[in-house]
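Have a look at the structure below, then the notes.
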Amino acid sequence: MPRVLVVNTGSSSIKYQLFEMDGQSVLASGLVERIGEAGAKLTHRAGDAEPLVVEDRIADHSDGFERVFKAFENAGGPITDLAGIGHRVVHGGERLTAPTLVDDATIQAIADQAPLAPLHNPPNLLGIRITRASFPDTPQVAVFDTAFHQTMPPRAWRYALPRGLADELRIRRYGFHGTSHAYVTRKAAEHLGRPVAEVNLITLHLGNGASVAAVEGGRCIDTSMGLTPLEGLVMGTRSGDLDPAVVFYLHREARLSVDDIDDLLNKRSGMLGLAGANDMREVARLVAAGDQAAAEALDVYCYRIRKYVGAYAAALGRLDALVFTAGIGENNDTVRARVCQGLEGLGVKLHAKRNKARNGRARTISADDSAVAVLVVPTNEELEIAEQTLAVVGG
Ligand code: ADP
């Protein structure tokens, strides 16, 4: 009965899930929040038992992991029978293009990508180092958010910048959410009952962060996020696509520093900047209450997605299915309807009733005579990491 522990270490958080891989069930899961801050908290869930909650100062990540291991002991026993530990790592750059067994060279390679993801790769590495010390005999695997997109051809990943400069600084489009795009690609093909190599998909990961991928026969050929997750769709707090001259203009006219602009575009823009709320449920409440700014924000949000669908339909040439996933993609039928509105020319015909019906499984929401299938496929990045980990360790 192989078990895999999946770990996602952030700057002030640790998320984890312990899987039993034969039945693909979650034995335990949890979250450590606000590490090193006031109000730190560990929530640990195991089976149907009441969650175990610890509210205490959690000094640092080592302390956080210690608490997690203790929580396992207190709620049913220590972690045993581990086939491997899978770590989510945000940036693999151009070198780390597949799930990779962690050794000293991998650790160095992940560290080398840190300038490309300064907020993410260092804590991801910290998680790897700590669990490696705690489980020296258990293989660790790094699974990269960027890996799935490394099949993009140069015409999709190259920015039109001076080649030497871009190459030297590794400035190119990488794409993110790859684990999710990979997972829903596989699940969508399964749902359609066709080999993944035969279907062309546009996968729409619409969560707090959001990205689109054009997937040809299981291989990503284009995606909306770029050097960083800032490019592409309108997101909860990120602007997405923007004329880069806006940055110079903000600097010169509003006297904002580079760091201020970074903060503005990543944390105070998107739906939060447009509508005053980053959570789409709150935006929906505002729209229902007649808020004009929120209505326009939703319009901008859906229109941006629709433009990408059109672009990626052209990139693919033939489109078999449009796949919605993540918090908004899975739950917000209004967004799905508005994205699909006006796409009849591309062969997309939504079935209104199917679109509104709720259930947690992969499902078709297009009409029977829609040339392009429209699917909702719940994502599960943790399970994908667990499966990739098991594949690498040879389980
Ligand atoms: P993250 O990128 O943080 O993982 P999620 O994938 O959970 O985010 O997506 C967050 C977004 O999904 C929010 O805007 C939220 O409004 C929306 N969302 C999540 N769950 C639901 C739900 N049950 N019903 C409607 N909207 C939801």
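The values are calculated or read from the model by the stated rules, or taken from the named source; none is laboratory data. These figures come from a predicted structure and were not determined experimentally. Heads up, the Cβs are rebuilt from the backbone with ideal geometry, glycines too, and the neighbour counts pull from every protein chain shown. Just so you know, the surface numbers come from the protein's heavy atoms only, side chains and all, with ligands and any DNA or RNA stripped out. Shrake-Rupley method; radii C 1.70, N 1.55, O 1.52, S 1.80 Å.
Descriptive notes on the structure:
- Counting the residues of region 1-50 that are in a loop (DSSP other than H, G, I, E, B), open to solvent by less than 50 Å² (accessible area, probe 1.4 Å) and without any contact (Cβ under 8 Å) to a residue 12 or more places away in the chain gives 0.
Yes/no per residue for (1) of a type outside the set (A, V, I, L, M, F, W, C); (2) open to solvent by 10 Å² or more (accessible area, probe 1.4 Å); (3) touching a residue at least 24 places away in the same chain (Cβ under 8 Å); (4) in a loop (DSSP other than H, G, I, E, B):
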position	(1), (2), (3), (4)
Leu161	no, yes, no, yes
Leu165	no, yes, no, no
Tyr174	yes, no, yes, yes
Ser180	yes, no, yes, no
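- The set of residues in region 202-216 being assigned to a strand (DSSP E or B) and within 14 Å of the ligand (Cβ to nearest atom) consists of Thr203, Leu204, His205, Leu206, Ala210, Ser211.
- Candidate set: region 366-383, residues that are within 16 Å of the ligand (Cβ to nearest atom) and touching a Phe, Trp or Tyr at 6+ places or on another chain (Cβ under 8 Å); chosen: the one farthest from Tyr16 (Cα to Cα): Val376
- Residue selected from region 251-272 under the condition closer than 23 Å to Ala210 by Cβ and surrounded by fewer than 19 Cβ atoms within 10 Å (Cβ to Cβ), by the criterion farthest from the chain's Cα centre (by Cα): Ile261
- Residues in region 319-358 that are more than 19 Å from Ser180 (Cα to Cα) and within 15 Å of the ligand (Cβ to nearest atom): Asp333, Thr334, Val335, Ala337, Arg338, Val339, Asn355, Lys356, Ala357, Arg358.
- Leading residue by the ranking (least open to solvent (accessible area, probe 1.4 Å)) among those in region 86-103 that are among the charged types (D, E, K, R) and either closer than 14 Å to Asp145 by Cβ or at pLDDT below 95 (or both): Arg88
This table checks each residue for (1) assigned to a strand (DSSP E or B); (2) β-branched (Val, Ile, Thr); (3) open to solvent by 10 Å² or more (accessible area, probe 1.4 Å).
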{"site": "Arg336", "(1), (2), (3)": "no, no, no"}
{"site": "Val339", "(1), (2), (3)": "no, yes, no"}
{"site": "Arg358", "(1), (2), (3)": "no, no, yes"}
{"site": "Arg361", "(1), (2), (3)": "no, no, yes"}
{"site": "Val374", "(1), (2), (3)": "yes, yes, no"}
{"site": "Pro378", "(1), (2), (3)": "no, no, yes"}
{"site": "Thr389", "(1), (2), (3)": "no, yes, no"}
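- Subset tally (residues that are open to solvent by less than 50 Å² (accessible area, probe 1.4 Å) and in a helix (DSSP H, G or I)) for region 312-334: 10
- Of residues in region 115-136 being within 22 Å of the chain's Cα centre (by Cα) and open to solvent by 20 Å² or more (accessible area, probe 1.4 Å), the one nearest to Val4 (Cα to Cα): Leu126
- Residue list for region 274-283, restricted to those being assigned to a helix (DSSP H, G or I) and open to solvent by less than 50 Å² (accessible area, probe 1.4 Å): Ala275, Met280, Val283
- Test set (1) open to solvent by less than 50 Å² (accessible area, probe 1.4 Å); (2) touching a Lys or Arg at 6+ places or on another chain (Cβ under 6 Å) - Ile79 fails condition number: (2)
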